[in-house]
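One structure is given below, encoded as structure tokens.
The values are calculated or read from the model by the stated rules, or taken from the named source; none is laboratory data. Here the structure is a predicted model, which means the values were calculated and not measured. Don't worry about glycine lacking a Cβ; one is built from the backbone with ideal geometry, like all the others, and counts go over all protein chains shown. Calculation scope for accessible area: heavy atoms of the full protein, side chains included, ligands and nucleic acids excluded. Shrake-Rupley method; radii C 1.70, N 1.55, O 1.52, S 1.80 Å.
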Amino acid sequence: MASEVLVRCEGVARTFGTGPGSVVAVHDVICELRAGQRVAVTGPSGSGKSTLLHLMAGLDTPTAGTLTWPALGGRERLRPGPVGIVFQGPSLLAPLDVAENVALPLLLAGEGEAQAVDAARRALDRLGLADLAARLPEELSGGQAQRVAVARVLAGRPRLVLADEPTGQLDHTVGTEVVRALVETAAALGAALMLTTHDPAVAALLPTRWAMADGALATGDREVPCSA
Amino acid sequence: MLGLTWLRGLLRRRSGRLVAAAAGVAVAVGLLASLGTFLAASKATMTRRSTGEVAVDWQVQAQPDGDPAALLAAVRAFRGVRTALPVGFAGTTGLEATVAGSTQTTGPGVVLGLPDGYRAAFPRALRDLVGAPTGALLAQQTAANLHARPGDTVGVGRAGLPPTAVRVDGVVDLPQADSLFQKVGASQGAQPQAPPDNVLLLPARRWHQLFDPLARARPDLVHAQVHARLDRRLPGDPAAAYTRVSGAARNLEAHLAGTGLVGDNLGAALAAARSDALYAQVLFVFLGLPGAILAGLLTAAVAGAGAQRRRREQALLRARGATTSQLVHLASIEAAAVGALGIVTGLGLALLASRVAFGSANFGATPLATLGWAAAAALAGLAVAGATVALPARRDAARITVTAARRSMDRPARPRWPAAGLGLALLAAAGTVFWLTGRNGYQLVLAPEGLPTISVSYWAFAGPALLWLGVGLLAWQLADAAIGTGRRALRRASQPLAGALAGTVAAAVGRQHRLLARALVLVALSLSFAISTAVFNATYQQQADVDARLTNGADVTVTQPPGADVGPAAAATLATVPGVRHVEPLQHRFAYVGADLQDLYGVRPATVVGATRLQDAYFAGGTARELIGALARQPDGVLVSAETVHDFQLTPGDTLTLRLQDGRTKRYRPVRFRYLGVAKEFPTAPRDSFLVANAGYVTQATGSDAVGAFLVDTGGTAPAAVADRIRARLGPQAAVSDLATTRHVVGSSLTAVDLAGLTRLELGFALVLAAAATGLVLALGLAERRRTFAIAAALGARPRQLAAFVWTEAAIVTAGGLAAGAVAGWVLSLMLVKVLTGVFDPPPAALAVPWAYLGTTLAVALASVAAAATLTVRASRTPPVTILRELA
């Protein structure tokens, strides 16, 4: 049975700047992300992976083509809501402690404070991070901070998790832990997961691999629903 | 090479940070350099204004054994003397005049013999009132006593010789009678209390005819003086001018070897001016220096806004092997760039501000002083740049680890109550110093009489300085603790803006307690500076106005010539002049209190209080309304000076018999009054003793309702314009004076300097500081947190929700800063006005509050905050991925 389409790209392109100095980061991408999919987008630095992820997250708008979220609603309803994001670099808010950071998207979505705090604590518990609840972001290691970012996603119960180079600043061991946490989180939520990485070892942890090169998206052999 | 690369990078990527810090340095440099202009301008003006009013620079009195001709020659030949003329002084047993069949006789008096050319050489010594300007001239009061006018004949008594007679040619005023009739060589305490009541001035030839015989018979009654005018090319600094003039006077006395004593009128005027010059310096310290310090603090805050990023840069450099000395070198380069830009901008700002405020763009009275002030201001700017940029970087490089340098948040602190005690201790110390200063009557400038030295009691500065420090420290500690630990209160406060996010907002704000407390204190200190400066200046202007009003009497005053018989009905004519709202007739008579002749003012109790804006401070033992009301209820009542009360041991209700001149017989006769209270000041009254009585009773007792002066209220119309209209109506003979002109000439030379320039400068800078302390510091702090806001936006925060963080921070800093600043500003105002009492003439009964300026300051501060917050919220609409990409 075909699962519902969460994100659909039809000839999506993103160009930065104008004139001779413009940079085409992504061009002519056609693909769909369906519920439950686990996709790793690989490619060298500068290939357009992060740009594609940002477009799919609604953080950026394409300069050409059509980008829709059939099962998730319009762009304005993606965040906070059905889309959870894990960024490459430090993404915790410095003035808030771990628990407050994890609860933040829920509060932004309008949930009550008590429910948000409760959801945050459960998410931290699930990932074994309960001891870090009162720490400030600067007091965490890189791996801990990324796992907290994953907990933040988990607490929001998204339908689509987008992770942009989540292991980019971590060593292999810690990075693998983070990716496993992401996969488990997505599985627990029944959410689709798409992460970008330039590390083949990380990509190997996910069943579907797409490749990006020079702004063009190429699909992998397994589960190949897309072409460019 | 590394330094150049670093500097290029700073200019390309951190230009905002450099410019903001340089702006802070520029404000400090600009303020200090501008204040140098104030000091230079005021000192130069003081010398000129104080010496401009001196009629006779030196009065050299021939000693009994001396030869007047030789004395005259010696004075003329003395270095620096431009003009010297001989003047004779002779004592008369009395003057007598018979007018309209009635004979008036005075007591002993003085007859002066003035040589040809005296009026031209000393134009300010005499002021013509009526009649011819030369010939036999009667002093104003003498003419009033004798009821004599030009054309009348006055008998002149001579001890041991037959009396003689002269025909009066004119009546004059002697504006500087006190110095003209001084006891040359006597100390201040041995000087006569008042100049002689009866004075006749004769041409020298006539004087010699009449009094050379007296000089032979009674040499004790006749003496000669040489009146001298000096070369007025004096140093701009009154202290230096005083030293030169008084030194020359002593030198002349030594030269005369006992044949003459010098009455140094010019030196006396400069002695007062040097005190005023020092007060100008005092004002600079009290009012100006805090502004410069505040600018330095502001620069520190601006530089501190980028400290986190600077620390991270440092951490990166250290992780890549940079040594501490290399880090300090790079920080010094940044500090030098900030300092250089700030100094150039600041000096330019000072030139512009000085031209606008003082009409002059010199930083000093001389080229050397100009260079000195500019250099001092530049050094101060470098010091500020070094202290706010290089020093923190050096401290961080030496002490903080790489990982610690990357930390930015603080744990909420427990209340540091023991440390809060330091702020309280400083406030207590301020109160103690203030009380101790008050024990010597707040005498800041100490100028021992006769000594060339003059000094300032700098100890008094400690009071306001400690108050400022204590308030700042206490506010910082309390704000730091309240914001850091008052989570519940913060949550409640942010609820209206943040709604469900109130807890998160409170947590975020609470963890930035150090940053916010520092910003709050900066707002408080800026506001307190603006308030205290504005209130002090407004009070100063208020007292200058009171002084001018006391001297002139009203907006416009029409003074009747001596002997005029103009009744109160003439007020109706004046009331028809356009711009006149009310005319108050004021009787001016002379009354003998025992042997002492005093001015007596007859008032209409029902109208005089409102018409002349009588202040309660003018009286003792009751308010103005109470005491004047007593005159209405008791028509034979009289208000006298404290000195008269003491001399006659009066208690309220005592009978006091005065001798007043009868309007019909022109003879003095006793009139009984009842003592009601003390009048310390009264419009148009002299600073000596005087009397205030009920005009109706005086009219009834003397048979004359003659008015001495009409006090005109212009109701807001420019007094000078109304004065011109009145002159046009009454003719050129009318003695019409207006408040604006009087304000220009009256009072101490510092008053005459009119602190308007300093006021404009300081209030302008205070506005700039208030705007910078509120909006700029907030904006920079928020700009440093762009990444935080971008992440929140990426997580789905709406602009409204981001605005809750921004506006909550802004509200806490602004509300707390305004509240603390208002309280501190008020207390500082009270202290400044008290400590600087010597500047006011007369001292104020209450402070003047310039609500318009304070309202403007508040509006500027709020607008600055609103602009900073709005721009930040607007910037949050930038796609977060753009910001994250920039800041990655």
Residues with amide H under 5 Å from that of residue B:582, placed H, sequence gap 5 or more
B:713
Could you work out the mean count of beta carbons from other protein chains within 10 Å of each residue's beta carbon in A:90-102?
5
Quote the relative contact order of chain B in percent (integer), defining contacts as alpha-carbon pairs under 8 Å separated by 6+ residues.
16
For region B:761-768, what does the Karplus curve 6.51 cos²θ - 1.76 cosθ + 1.60, with θ = phi - 60°, yield as ³J(HN,Hα) per residue in whole Hz, taken in order and with x for Gly and Pro?
4, 5, 5, x, 5, 4, 5, 4
Heavy-atom accessible area of residue B:648, protein chains in place, probe 1.4 angstrom, given in Å² to nearest 10, is 90
I'd like the orientation of helix A:142-156 relative to chain A: the angle between its Cα long axis and the longest Cα principal axis, in ° from 0 to 90, rounded to 10.
90
Could I have the simple spin-label model distance between residue B:4 and residue A:118, label points 7 Å from Cα toward Cβ, reported in nm to one decimal?
6.7
For the protein assembly as shown, what proportion of DSSP beta bridges, expressed in % and rounded to the nearest 5, is antiparallel?
70
Please give the contour-minus-distance gain from residue B:205 to residue B:325: 0.36 nm per residue of separation, less the Cα-Cα distance, rounded to one decimal in nm.
34.3 nm
Express in % the proportion of alpha carbon pairs of region B:614-701 at distances exceeding 22 Å.
23
Got the relative contact order for region B:589-645 handy, in percent, Cα pairs under 8 Å and 6 or more residues apart?
20
Calculated P(r) tail over 24 Å for region B:67-164, as whole % of Cα pairs
35
Give me D for the protein assembly as shown in µm² s⁻¹, whole number, from Stokes-Einstein with Rh from the Kirkwood sum over alpha-carbon pairs, 10 °C and 1.306 mPa s.
44
Nearest 10 degrees is fine. How inclined is helix B:324-358 to the longest principal axis of chain B, computing both from alpha carbons?
30
For the residue pair residue B:218 and residue A:76, what label-to-label distance in nm results when each label sits 7 Å from Cα along the Cα-to-beta-carbon direction?
11.0
Once phi for every residue in region A:204-212 is put through the Karplus expression 6.51 cos²θ - 1.76 cosθ + 1.60 (θ = phi - 60°), the whole-Hz ³J(HN,Hα) values, with Gly and Pro written as x, are 5, 6, 10, x, 10, 10, 10, 10, 10
Enumerate the amide H contacts of residue A:212 below 5 Å, restricted to partners 5 or more residues apart or on another chain; note that Pro and chain-start residues carry no placed amide H.
A:42, A:43, A:218
Given a 1.4 Å probe and no ligands, DNA or RNA in the count, how much accessible surface is buried by A and B, both sides, to the nearest 100 Å²?
2600
Distance histogram in 5 Å bins (all Cα pairs of region B:111-152, percent per bin):
5, 19, 32, 26, 12, 5, 0
For chain A the mean separation of alpha carbon contacts under 8 Å (6+ apart) over residue count, i.e. relative contact order in percent, is 29
If you average the alpha carbon positions of region B:592-633 and of region B:532-590, how far apart do those two centres end up, in angstrom?
15
Would you calculate the separation in nanometres between label points at residue B:424 and residue B:826, each defined as 7 Å from the Cα along the Cα-to-beta-carbon direction?
2.2
Positive end of the dipole of chain B, charges at C-beta (+1 Lys, Arg; -1 Asp, Glu), about the Cα centre: which of B:235, B:757, B:137 has its Cα farthest in that direction?
B:757
For q = 0.08 Å⁻¹, Debye-computed log10 I/I(0) when each Cα of chain B counts as one equal scatterer:
-0.85
I'd like the accessible area for residue B:50, computed on protein heavy atoms only with a 1.4 Å probe and all protein chains in place. Round to 10 Å², please.
20
Of the listed peptides B:317-323, B:72-78, what is their order by residue-averaged count of other C-beta atoms within 10 Å, with the highest listed first?
B:72-78, B:317-323
Would you mind listing how long region B:464-573 runs along its three principal axes, going by Cα atoms, in whole Å with the largest first?
85, 35, 14
When the chain is fully extended, how far beyond the present Cα-Cα distance does residue B:368 get from residue B:852, taking 0.36 nm per residue of separation?
170.2 nm
Partner shielding of B:790-800, taken as the mean number of other chain Cβ atoms within 10 Å, equals 6
Take the Cβ-Cβ distance between residue B:834 and residue B:375 as r, set R0 to 45 Å, and report the resulting FRET efficiency rounded to the nearest 0.05.
0.80
Per residue, how much accessible surface does region A:1-61 expose to a 1.4 Å probe? Answer in Å², no decimals.
40
Packing-based order for B:296-302, A:88-94, using average beta carbon neighbours within 10 Å, highest first
B:296-302, A:88-94
When Rg is the radius of gyration of the Cα atoms in region B:1-136 and Rh is its Kirkwood radius, what does Rg/Rh come to?
1.44
For residue B:570, the net charge from surrounding residues (Cβ-Cβ under 13 Å; K, R +1; D, E -1) works out to -2
I'd like the FRET efficiency for residue B:281 and residue B:634, computed as 1/(1 + (r/R0)^6) with the beta carbon distance as r and R0 of 41 Å, rounded to 0.05.
0.25
Please get the size of the charge dipole for the protein assembly as shown, origin at its Cα centre, with Cβ charges of +1 on Lys and Arg and -1 on Asp and Glu, quoted in debye to the nearest 20.
2260
How would you rank B:780-788, B:152-160, B:238-246, highest first, on the average number of other Cβ atoms within 10 Å across their residues?
B:238-246, B:780-788, B:152-160
How many angstrom separate the Cα center of region A:89-151 from the Cα center of region B:12-89?
72
Within 10 Å of the Cβ of an average residue in B:500-511, the count of other chain Cβ atoms is 5
From the Cα centre of region B:124-154 to that of region B:292-307, the distance in Å is 68
Rounded to the nearest 5, the percent of DSSP beta bridges in chain A running antiparallel is 45
Dipole check, chain B, charges on Cβ (K,R +1; D,E -1), about Cα centroid: among B:697, B:393, B:368 the Cα furthest to the positive pole belongs to B:393
Once neighbouring chains are kept in place and the probe is 1.4 Å, which whole percent of the accessible area of region B:807-878 is contributed by carbon and sulfur?
74
Report the local net charge at residue A:56: Lys and Arg +1, Asp and Glu -1, summed over other residues whose C-beta lies under 14 Å from its C-beta.
+3
Ordered by residue, what ³J(HN,Hα) values in Hz, to whole numbers, does region B:158-170 give under the Karplus form 6.51 cos²θ - 1.76 cosθ + 1.60, where θ = phi - 60° and Gly and Pro are x?
10, 4, x, 10, x, x, 10, 9, 9, 9, 6, 9, x
